Amino acid sequence: MFVVAACGLAYELVAGALSSYLMGDAVTQFSLVIGVFLCAMGAGSWLARLVRRRLVDVFVEIELWIGVLGGGASLAMFAVSAFAEPVFPVFFYALCAALGVLVGVEVPLLVRIVRAGGGFSEALSRVLALDYLGALAGAVLFPLVVLPWLGLSRASVVFGILNLAVAAAGTRLVEGRRGPVRARIAAAAAMLAAMLAFSPRLVGFFEDELYGDRVVFAQDSRYQRIVLTRWHDDVRLYLNGHLQFSSVDEARYHEALVVPAMEAFGRPARVLILGGGDGLAAREVLRYPSVSQVVLVDLDPAMTHLASTRRELVRLNGGAFADPRLTLATRDAMEYLRDEPGAFDVILADLPDPDSESLAKLYSTAFYALAAKRLTPRGVFVTQATSPFYAREAFWCVVETVRAAVPEGGGAPPLRAIPYHQNVPSFGEWGFVLAARRDIDPAALSPSMPGRVLTPEAMRAMFAFPRDLEPVSVQVNRLDDPVAFRYHRAGWRRFNE
């Protein structure tokens, strides 16, 4: 019971992680996966009453099928998403429901099997105690051990093999012929062993199809799936399936993010970068000779390790992580702003879009108020703010939220926000928000050093908005009401459906 409970929870977690990676919106997908699993487990518990005899034989058969379906679930999901994407949601939730039904049969069967050796109350308490302990073990091991060391595809295979081990252990109690049952278990174990050996290559093949380019690196970290692709000279980084940059045009984004804030301050000495684990924003900051310290705060150590060691990324970021002026902090951005002392001349927020409720906190009044407190009196803050074309309401929501942020403690004036935008071919029209406690004249801003993209004229043009990108009426994004997420989701859905 301990083992099968750990396996059952692990399949839920694998399915939730894969659905958020392949379909986005982690909170919604995890909620749906848990709901479907629990409902299906309830149906399985109800169906278990139909088993009247040879309980151990049926239990062994159930474990065999859970091992095969659960063990191969990840590879099957990757394959369907790559070759039959339109039907993937139906396939995904049907597979989750099938696994849930089978897992739901386990507990009632085990209670009845154990009951044969004692009273019902004792059997129920023993089985449920081990069920809860096994679920705890699965919940702890999955993010801390299984995912970082095995990855999503091999994780499900390993837990499938554990289910087969339970089935094999139960064959000694089978009432019928044990030979055929053990042969089928051995065949299933051989199949899963082959999956375990070849799953990285298979997932790489499926992701080549999914992304359209050759996958040169893929890793499941504790927080996200990191994929690096290459096509000729174009290197692309994807996090949970979302494009982070293309080497062909990333300079258009990163110069737009960094240069206006640096020029608005003048000669900044201390710069804080929130996010930007690829090191590309740091590259632009470190070009300024006045900079004496850069603190880069990123949640995922796997991402910053990759950016500091992988040849393609080191070449792109100019070896930013090796610069002695850069200090790396592996922290949540909001926690860092709240807990760490010190003020900065420039703060850059290069964070993921607010495409979930959990990420929307990084675009809230509370987050911007914390950032404002960490600015020096003349300090400048800038954040990327999604697309003013595809997600117009989300962009202007970020602008109004920055304006509404008031630092705690009183005395400090609110931030004065200036929106601007830049065309990045890989993303489309992209938006940013520049802010400070003082007035900044965009017309006076000009690059002090030659870059690959921005000229004085191009920089001034970023602050002019055409009519179809002009402000719209929106609400302010707060921690208890993540409207930025809803605006973002609605905006992108209009163009993706």
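Data overview
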{"quantity": "Residue among Arg236, Arg311, Arg267, Arg315 that is in contact with a strand residue (DSSP E or B) (Cβ under 6 Å, 6 or more places away or on another chain), of a type in the set (Lys, Arg) and at negative phi", "calculated": "Arg236"}
{"quantity": "Tally, over segment 208-251, of residues that are without any contact (Cβ under 8 Å) to a residue 24 or more places away in the chain, closer than 12 Å to Leu313 by Cα and surrounded by fewer than 17 Cβ atoms within 10 Å (Cβ to Cβ)", "calculated": "1"}
{"quantity": "Segment 335-375, residues that are among the basic types (Lys, Arg), outside any loop (DSSP other than H, G, I, E, B) and over 26 Å from Phe245 (Cα atoms)", "calculated": "Arg338, Lys373"}
{"quantity": "For Leu164: the one exception among (1) in contact (Cβ under 8 Å) with a residue 24 or more places away in the chain; (2) under 29 Å from the mean Cα position of the chain (by Cα)", "calculated": "(2)"}
{"quantity": "Test: residue in segment 406-419 that is at pLDDT 95 or above and touching a Gly at 6+ places or on another chain (Cβ under 9 Å)", "calculated": "yes"}
{"quantity": "Residues (outside any loop (DSSP other than H, G, I, E, B) and either in contact (Cβ under 8 Å) with a residue 24 or more places away in the chain or among the charged types (D, E, K, R) (or both)) located in segment 442-476", "calculated": "Pro442, Glu457, Met459, Arg460, Arg467, Asp468, Leu469"}
{"quantity": "Selected residue (only one of Val158, Val140, Val90, Val145 is in contact with a helix residue (DSSP H, G or I) (Cβ under 8 Å, 6 or more places away or on another chain) and either hydroxyl-bearing (Ser, Thr, Tyr) or assigned to a helix (DSSP H, G or I) (or both))", "calculated": "Val158"}
{"quantity": "Only listed residue being closer than 18 Å to Phe78 by Cα, of a type outside the set (Ser, Thr, Tyr) and modelled with pLDDT under 85, chosen from Arg222, Arg178, Arg201", "calculated": "Arg201"}
{"quantity": "Residue that is surrounded by the most Cβ atoms within 10 Å (Cβ to Cβ) [pool: residues in segment 119-161 that are among the hydroxyl-bearing types (Ser, Thr, Tyr) and touching a residue at least 24 places away in the same chain (Cβ under 8 Å)]", "calculated": "Ser156"}
{"quantity": "Residue in segment 397-417 that is of a type in the set (S, T, N, Q), touching a residue at least 40 places away in the same chain (Cβ under 8 Å) and either part of a strand (DSSP E or B) or surrounded by 22 or more Cβ atoms within 10 Å (Cβ to Cβ) (or both) present", "calculated": "yes"}
{"quantity": "Residue satisfying condition, being touching a residue at least 60 places away in the same chain (Cβ under 8 Å), closer than 17 Å to Ala371 by Cα and surrounded by fewer than 18 Cβ atoms within 10 Å (Cβ to Cβ), within set Leu434, Leu479", "calculated": "Leu479"}
{"quantity": "Residues satisfying the stated conditions in segment 76-97, i.e. touching a Phe, Trp or Tyr at 6+ places or on another chain (Cβ under 9 Å) and under 22 Å from Val166 (Cα atoms)", "calculated": "Cys96, Ala97"}
{"quantity": "Leading residue by the ranking (nearest to the chain's Cα centre (by Cα)) among those in segment 363-393 that are surrounded by fewer than 24 Cβ atoms within 10 Å (Cβ to Cβ) and among the aliphatic types (A, V, I, L, M)", "calculated": "Ala366"}
{"quantity": "Positions within segment 15-57 being in contact with a helix residue (DSSP H, G or I) (Cβ under 6 Å, 6 or more places away or on another chain), β-branched (Val, Ile, Thr), assigned to a helix (DSSP H, G or I) and modelled with pLDDT under 90, in sequence order", "calculated": "Val27, Val56"}
{"quantity": "Residue check, Ala269 assigned by TED's automatic domain parsing to the domain that holds Ala435, surrounded by 17 or more Cβ atoms within 10 Å (Cβ to Cβ) and in contact (Cβ under 8 Å) with a residue 24 or more places away in the chain", "calculated": "no"}
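The values are calculated or read from the model by the stated rules, or taken from the named source; none is laboratory data. None of these values were measured; they are calculated from a predicted model. Positions of Cβ are backbone-derived with ideal geometry, glycine not excepted, and every protein chain shown enters the neighbour counts.
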